[in-house]
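Q: One structure is given below, represented as structure tokens, and several questions about it will come after.
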Amino acid sequence: MSEEQLKYGGLCNQCHTNHLLPVMPVLPEARRLIQKLETSRSIQPDDPDFSTDILFGKARGQMFGLMLALDVQGGSRILKAFSGQFNGHYRAKGWVPPIFNVDEFQRINTPGEKQIKALSKRILTTSDPAEQRLLKEARRNQSRRLMKQIHNLYILENFRGERQPMSAFFSKDKGMPTGAGDCCAPKLIHYAITHNLSPIGLGEFYFGLENRSGSKQHGQFYAPCTSGCAPILGFMLCGLVK
Ligand SMILES: [Zn+2]
Ligand SMILES: [Zn+2]
């Protein structure tokens, strides 16, 4: 599929149709953003933590997204997002935040990670195999609990004003794939919903050193991911009147 034909969205389980946002309306602006990032080599030039140089090193590249939306007065707004974290940061100036509340995430994640680290340390220092087994089980349970608490922070909304926990869109036994809800498309759509904006177009592009499998190249646009995004985007876009 050519870049111009890309669409972002998915099957809506209520309307039984696909709700889709085309890339076309954002392509020129997104290409300008790619050029701007190439020139400034930063996503937030006032802070060295946000240099894009890391995307050309060991960490390799990252997905970025851009949305064109209309506010209630009909004025156009450009929204930008990066997938997941940028160099360990969930927030950067001028970029939309994650779906979940970052402060709440840190309140849960920081002590949870500390406990897991402490268990790991004890596993390394004990020589009794029986005790080691118990500690490993405790660590497994603890990280499962933490994962569940974090996943519970992801509450999806749509343009009808409905809310659903993100876990409802994934099979109970397989669980949620890593990074579900952290891609640019869900971040941007969620931001639009919660700020009374009507999206017109959306695009996701890859920036940086090509990924290990070679499936993603610098400056190219890609369809939404099938594992994390396809199951949720249809619901999120439901009720959008264009
Ligand atoms: Zn995705
Ligand atoms: Zn629908």
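Q: Among the residues of region 8-35, which ones are assigned to a strand (DSSP E or B) and within 16 Å of ligand 2 (Cβ to nearest atom)?
A: Matches in region 8-35: Y8, G9, G10, L11, N18, H19, L20, L21.
Q: Can you name the condition, by its number, that G239 falls short on among (1) within 16 Å of ligand 2 (Cβ to nearest atom); (2) assigned to a loop (DSSP other than H, G, I, E, B); (3) in contact with a strand residue (DSSP E or B) (Cβ under 7 Å, 6 or more places away or on another chain)?
A: (3)
Q: Ok, one more. Kindly provide the set of residues from region 46-66 that are in a strand (DSSP E or B) and within 20 Å of G179 (Cα to Cα), ordered by number. Let's see the steps before the verdict.
A: Residues of region 46-66 that are in a strand (DSSP E or B), as a first pass: 51, 62-66.
Scanning region 46-66 gives Q62, M63, F64, G65, L66.
Q: Let me ask another. Looking at the structure I just gave you, is G57 of a type in the set (G, A, S), over 15 Å from I78 (Cα atoms), touching a strand residue (DSSP E or B) at 6+ places or on another chain (Cβ under 7 Å) and in contact (Cβ under 8 Å) with a residue 12 or more places away in the chain?
A: Numbers: of a type in the set (G, A, S): yes; over 15 Å from I78 (Cα atoms): yes; touching a strand residue (DSSP E or B) at 6+ places or on another chain (Cβ under 7 Å): no; in contact (Cβ under 8 Å) with a residue 12 or more places away in the chain: yes.
Answer is no for this residue.
Q: Six or more apart or on different chains, Cβ under 6 Å: which pairs go from a residue in region 205-229 that's under 28 Å from F170 (Cα atoms) and assigned by TED's automatic domain parsing to the domain that holds S51 to one that's assigned to a strand (DSSP E or B) and within 16 Å of ligand 2 (Cβ to nearest atom)? Could you list them?
A: As it stands, the answer is P224/Y8, since those pairs meet every condition given.
Q: How many residues, within region 181-215, are away from ligand 1 (no atom under 16 Å from the Cβ), among the aliphatic types (A, V, I, L, M) and farther than 17 Å from G74 by Cα?
A: 1
The values are calculated or read from the model by the stated rules, or taken from the named source; none is laboratory data. Treat the numbers as computed from the prediction; the structure is a model and nothing was measured. With ideal geometry, Cβ positions are generated from the backbone for all residues, glycine too; neighbour counts draw on all protein chains shown.
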